[in-house]
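Notes follow the structure.
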Amino acid sequence: MSNPRILILGPPGAGKGTQSANLAEEYGVEHVTTGDALRANKDMDISDMDTEYDTPREYMEAGDLVPDAVVNAIVEEALSQADGFVLDGYPRNLDQAEQLEGMTDLDVILSLSVSREELVDRLTGRRVCDDCGANFHVDFNPPEAEGVCDECGGDLIHREDDNEESVRNRLDVFDENTAPVIDHYDDREDFVAVDGEQSLDAVWSDIQDAVDAHTA
Ligand code: AP5
């Protein structure tokens, strides 16, 4: 079988980025993440797309969705070049889900669930490497030296949208827009619900079992 095509869904802070890094390494697939792609292009001029704001930055700092036209183009380009992937951060609404159906088939859909208050704690305590993007948490997954990435020695930063106000808005946006995407997929044979509130290792073990069962 060719390299797996994996979709990972879940609310902000569920562990999508953390587990996607494991998946990319274990299965040799590309980590396609709309969040990182947009953060790398926060100030691109999108005014010709008839959007409310002229750049993605304003949407992201408030925790709102960046307009579909911008995100669909990023994903289509990334998937067209990937030999197997883990797709993280997309689709985030039913229109994006419809677009994705025209871009690729999927081998397995993973859905991580975590309670709201745990998500707030995870996101407000998250630290991200400014160089390689590795994720840490001040309490749940601390780096060996405070403020320094274990992977590459880069600086760890607190994301601008990881303040409590933006986090709570991101969770509301998820409930309104993205929870219906999970309902849209959850009766498919390739859909697997994973308890994301377990330890990092237990979540990873369940994810590997799910991917292996659907790609063997
Ligand atoms: P994005 O970057 O995708 O953010 P998100 O969905 O809010 O997801 P996060 O990266 O915050 O969480 P995660 O699930 O990856 O959790 P992580 O592994 O880091 O999007 C940002 C913004 O971009 C959006 O708000 C929007 O504006 C825009 N955007 C992106 N995609 C878009 C789209 N398709 N359409 C429109 N707009 C879009 O884990 C979190 C923390 O918890 C870490 O500190 C980690 O160490 C810790 N942790 C993880 N797992 C565990 C565990 N099992 N136990 C304890 N701690 C854990």
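The values are calculated or read from the model by the stated rules, or taken from the named source; none is laboratory data. In this text the structure is predicted, and so the values were computed from the model without any measurement. As a convention, Cβ positions derive from the backbone with ideal geometry for all residues, glycine included, and neighbour counts pool all protein chains shown. The protein model used for the area step is the full one, side chains on, heavy atoms only, and it has no ligands, DNA or RNA in it. Shrake-Rupley method; radii C 1.70, N 1.55, O 1.52, S 1.80 Å.
Quick one: would you say R116 is open to solvent by 30 Å² or more (accessible area, probe 1.4 Å) and in contact with a helix residue (DSSP H, G or I) (Cβ under 7 Å, 6 or more places away or on another chain)? Steps first, please.
On the way: open to solvent by 30 Å² or more (accessible area, probe 1.4 Å): yes; in contact with a helix residue (DSSP H, G or I) (Cβ under 7 Å, 6 or more places away or on another chain): yes.
When the stated conditions are applied, R116 passes them.
Quick one: which of V173, V167, V181 is touching a Pro at 6+ places or on another chain (Cβ under 8 Å) and under 15 Å from L94 (Cβ atoms)? Working first, answer last.
Working: V173 fails: touching a Pro at 6+ places or on another chain (Cβ under 8 Å); V167 fails: under 15 Å from L94 (Cβ atoms).
None of the others qualify; the one that does is V181.
Would you call D54 more than 10 Å from the ligand (Cβ to nearest atom), modelled with pLDDT of 95 or more and at negative phi?
Working: more than 10 Å from the ligand (Cβ to nearest atom): yes; modelled with pLDDT of 95 or more: no; at negative phi: yes.
Against the criterion (more than 10 Å from the ligand (Cβ to nearest atom), modelled with pLDDT of 95 or more and at negative phi), D54 does not qualify.
In the stretch 190-214, which residues are open to solvent by 60 Å² or more (accessible area, probe 1.4 Å) and under 19 Å from P91 (Cβ atoms)?
A193
Answer with yes or no whether V32 is touching a helix residue (DSSP H, G or I) at 6+ places or on another chain (Cβ under 9 Å) and part of a helix (DSSP H, G or I). Break it down into steps so the answer makes sense when it comes.
Details: touching a helix residue (DSSP H, G or I) at 6+ places or on another chain (Cβ under 9 Å): yes; part of a helix (DSSP H, G or I): no.
Answer is no for this residue.
Among the residues of the stretch 40-80, write down those that are open to solvent by 40 Å² or more (accessible area, probe 1.4 Å) and part of a loop (DSSP other than H, G, I, E, B).
N41, D43, M44, D45, D50, E52, Y53, D54, D64, L65
Determine which member of the set D95, D83 is of a type in the set (D, E, K, R), under 18 Å from the mean Cα position of the chain (by Cα), open to solvent by 20 Å² or more (accessible area, probe 1.4 Å) and more than 19 Å from W204 (Cβ to Cβ). Before the answer, list the steps.
Values: D83 fails: under 18 Å from the mean Cα position of the chain (by Cα).
Answer to the check: D95.
Consider L100 against the criteria (1) in contact with a strand residue (DSSP E or B) (Cβ under 7 Å, 6 or more places away or on another chain); (2) surrounded by 13 or more Cβ atoms within 10 Å (Cβ to Cβ): it satisfies all of them except one. Which criterion is unmet?
Failing condition for L100: (1).
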